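A quick write-up on the structure given underneath.
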Amino acid sequence: MNKKTLVSIFSVFTCIALFTTGGSFANSLKLDVKEHVLKNGLKLLMLEKHEVPIVCVRINYKVGSVDERPGITGVSHLFEHMMFKGTKIFGTRAYAAEKPLLEKEEDLVIKLSDERGRGEAADKKRIESFEKELGEVRKKLRDLVVKDEVFSLYLRHGASGLNAATSTDGTYYFCDLPANKLELWAFIEADRMKNLVLREFYSERDVVMEERRLRTENSPMGLLVEQLNAVSFIAHPYRWPTIGWRSDIQHITKAETEEYFKRYYAPNNAVIVMVGDFRPDEAIPLVEKYFGDILAQPAPPMVKTVEPEQKGERRVEIEFESNPYLAISYHIPAIGHPDLYALDILGSLLSEGRTSRLYKSLIEDKRIAVMAHAYNGIGKYPDTFTFIAVPRAPHTVAEIEAAFYEEIEKLKKTPPTDWEVQKIKNQLEADFIRDLNSASGLANEIGQFEVLSDWRYINTFMDKLAQVTAEDVMRVANKYLSKSNRTVATLVKKENNHKMKETKGTDTSVKPAMTY
């Protein structure tokens, strides 16, 4: 999951309440989540749901790209990959034989890197010798690896939904399994927390590089969002991509990754979520048995950097062999701020469905865009409210940008109608009911909000949303959607942009440029 792994507020509130239709939120039922905290700080959140004999389990770590630093950006995402490479008992034919080979591999990688780092003074024969020996060691290691053993074991026992995701604020591991396999899950996951082995580290690092090339460097949307965030944030670590900068991925070492794991992937920085067909009085002893002996670590440091107030519009243009794109972001507060509820309504008002303002104006009436969307980021730290659009040829990003501002100015001067606001609240209510039986969705959202702030945010959301008025929506539009608070990123087609510059250069009516 890449930055922004933006939590769309419309899909978040799965199955947390039953209430009457027509906009009444007064009689909502709250989630009855039971909590248990182990002595090592590991938190267990449990919600019984006995309709089907399935338990949806999540292990979430309160660490994401926001916790990284220059030089190791992308390490959280890389570590997500490494968590599936096995332990001292899973993923290997003989760990006793593998361990010295892994140590030898690391020693050779360091020696090879040091020698290459000498530049022109490097000894080519030493490099060739190290490369040959490294190849031989890796061949022996490949013979000892049991590929995807953890996946295979889970699948053989009926598990599904096996996956993981990394965001700016957290790392998430998913598993849905038969209720009678809960102890198997506890054994496997506790072993991964205690005895993880970073095998195939360097080959997996190359896999992540390919993923970056595919999803960011060769993706117009990925490249646009990466540059937008890098310019929107000048100080806060939300500015770097979850997948990491290319040079950092290329040079992250196993030693740095192991240090990062020890600091952040400790029980006192983790939360387990269980939703489904189980009994808490049986689950608690099970978790205590398998996870209770894992040592806590010193509390990881919080991010101290505060993004300074933006004092003027920022703009960035990206050249790419693609049709044009436009993205605009505005700084907004972190989760827990009361204005977020009105911003949620604002995002839905602008782009939720075919009756939304952006759809009707830009896509249906003016027909200048093929896609126009607005969404509200929800972060542990102050995040952004973002607009994204794709022009319909031959229309330009300038036309789309002007149309966005036109819709914003309307909201600044005139509040939405009570009917519009109530319609959005009804849409959210319908989403609740639709997802009422989704144990998997419940587990995801309980875990996500516990990472961001507190799972109880879910229980209070609809009541808070019900209090939002049309005037509140107009107020937050004026407060946050200002020119001095915005960053504009445009992606333009490279060849057309060059032609335009060449044409300007041959215009004899233009005075020669000054040389500085």
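The values are calculated or read from the model by the stated rules, or taken from the named source; none is laboratory data. The structure presented is a predicted model; accordingly, all values stated were derived computationally and were not measured. Positions of Cβ are generated from backbone atoms using ideal geometry, with glycine treated the same way; all protein chains shown enter the neighbour counts. When the accessible area is computed, the model is the full protein with side chains, heavy atoms only, and any ligands, DNA or RNA have been set aside. Shrake-Rupley method; radii C 1.70, N 1.55, O 1.52, S 1.80 Å.
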For this session: Mind telling me which of the residues Val275, Val271, Val306, Val316 ends up being open to solvent by 50 Å² or more (accessible area, probe 1.4 Å) and among the β-branched types (Val, Ile, Thr)?
Result: Val306
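Suppose we filter Ser329, Ser322 for residues that are open to solvent by less than 20 Å² (accessible area, probe 1.4 Å), closer than 19 Å to Thr490 by Cβ and either in a loop (DSSP other than H, G, I, E, B) or modelled with pLDDT under 95 (or both); which single one remains? Show your work before the answer.
Working: Ser329 fails: either in a loop (DSSP other than H, G, I, E, B) or modelled with pLDDT under 95 (or both).
On inspection, the qualifying residue turns out to be Ser322.
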Exercise. Among the listed residues Glu258, Glu210, Glu288, which satisfies the condition of being under 25 Å from Phe174 (Cα atoms) and at pLDDT below 95?
Worked result: Glu258
For this session: Looking at (1) closer than 17 Å to Lys262 by Cβ; (2) of a type outside the set (D, E, K, R); (3) over 22 Å from the mean Cα position of the chain (by Cα), find the lone condition where Leu78 falls short.
Result: (3)
Exercise. In the stretch 355-371, what residues are open to solvent by 10 Å² or more (accessible area, probe 1.4 Å) and under 20 Å from Ala477 (Cα atoms)?
Worked result: Thr355, Arg357, Tyr359, Lys360, Ser361
Exercise. In the stretch 154-203, which residue that is touching a residue at least 24 places away in the same chain (Cβ under 8 Å) and of a type in the set (Lys, Arg) is surrounded by the fewest Cβ atoms within 10 Å (Cβ to Cβ)?
Worked result: Lys194
For this session: Write out, first by first residue and then by second, each pair whose Cβ atoms fall under 6 Å of each other, whose residues are 6+ apart or on separate chains, and whose first residue, in the stretch 474-492, is closer than 15 Å to Ile408 by Cα while the second is assigned to a loop (DSSP other than H, G, I, E, B) and not hydroxyl-bearing (Ser, Thr, Tyr).
Result: Met474/Pro415; Tyr480/Ile332; Lys483/Glu313; Ser484/Gly312; Asn485/Gln310; Arg486/Glu313
Seminar exercise, completed: Sole miss for Glu399 among (1) within 30 Å of Pro324 (Cβ to Cβ); (2) in contact with a Lys or Arg (Cβ under 6 Å, 6 or more places away or on another chain) is condition (2)
Exercise. What are the residues in the stretch 385-413 that are touching a Pro at 6+ places or on another chain (Cβ under 6 Å) and either assigned to a helix (DSSP H, G or I) or free of Cβ contacts under 8 Å to residues at least 40 places away in the same chain (or both), if any?
Worked result: Val397, Ile400
Exercise. Do you know which of the residues in the stretch 204-219 that are more than 29 Å from Glu450 (Cα to Cα) and of a type in the set (D, E, K, R) is surrounded by the fewest Cβ atoms within 10 Å (Cβ to Cβ)?
Worked result: Glu210
Exercise. Among the small types (Gly, Ala, Ser) and at positive phi, is that true of Gly119?
Worked result: yes
Problem set entry | Subset of the stretch 231-263 (residues that are more than 23 Å from Ser203 (Cα to Cα) and in contact (Cβ under 8 Å) with a residue 12 or more places away in the chain) | Val231, Ser232, Phe233, Ile234, Ala235, His236, Pro237, Tyr238, Trp240, Arg263
For this session: Could you check Asp293 against (1) open to solvent by 40 Å² or more (accessible area, probe 1.4 Å); (2) assigned to a strand (DSSP E or B) and say which number it fails?
Result: (2)
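When you look at Tyr238, is it open to solvent by less than 10 Å² (accessible area, probe 1.4 Å), in contact with an Asp or Glu (Cβ under 9 Å, 6 or more places away or on another chain) and either assigned to a strand (DSSP E or B) or of a type in the set (Ser, Thr, Tyr) (or both), yes or no?
Considered against the rule, which asks whether it is open to solvent by less than 10 Å² (accessible area, probe 1.4 Å), in contact with an Asp or Glu (Cβ under 9 Å, 6 or more places away or on another chain) and either assigned to a strand (DSSP E or B) or of a type in the set (Ser, Thr, Tyr) (or both), Tyr238 comes out as yes.
Is it the case that the stretch 338-346 has a residue that's in a strand (DSSP E or B), at pLDDT 95 or above and at negative phi?
So far as the stretch 338-346 goes, no, none of its residues is in a strand (DSSP E or B), at pLDDT 95 or above and at negative phi.
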Exercise. Helices (runs of 4 or more DSSP H) wholly in the stretch 446-515 with at least 1 residues that are at pLDDT below 90 and more than 30 Å from Met274 (Cα to Cα) - which ones?
Worked result: 494-505
Exercise. Just for the stretch 354-372: of the residues that are touching a Leu at 6+ places or on another chain (Cβ under 7 Å) and not in a loop (DSSP other than H, G, I, E, B), which one is farthest from Met221 (Cα to Cα)?
Worked result: Arg357
For this session: Could you check, for the stretch 336-348, whether at least one of its residues is of a type in the set (Gly, Ala, Ser), without any contact (Cβ under 8 Å) to a residue 60 or more places away in the chain, within 20 Å of Leu481 (Cβ to Cβ) and surrounded by 23 or more Cβ atoms within 10 Å (Cβ to Cβ)?
Result: no
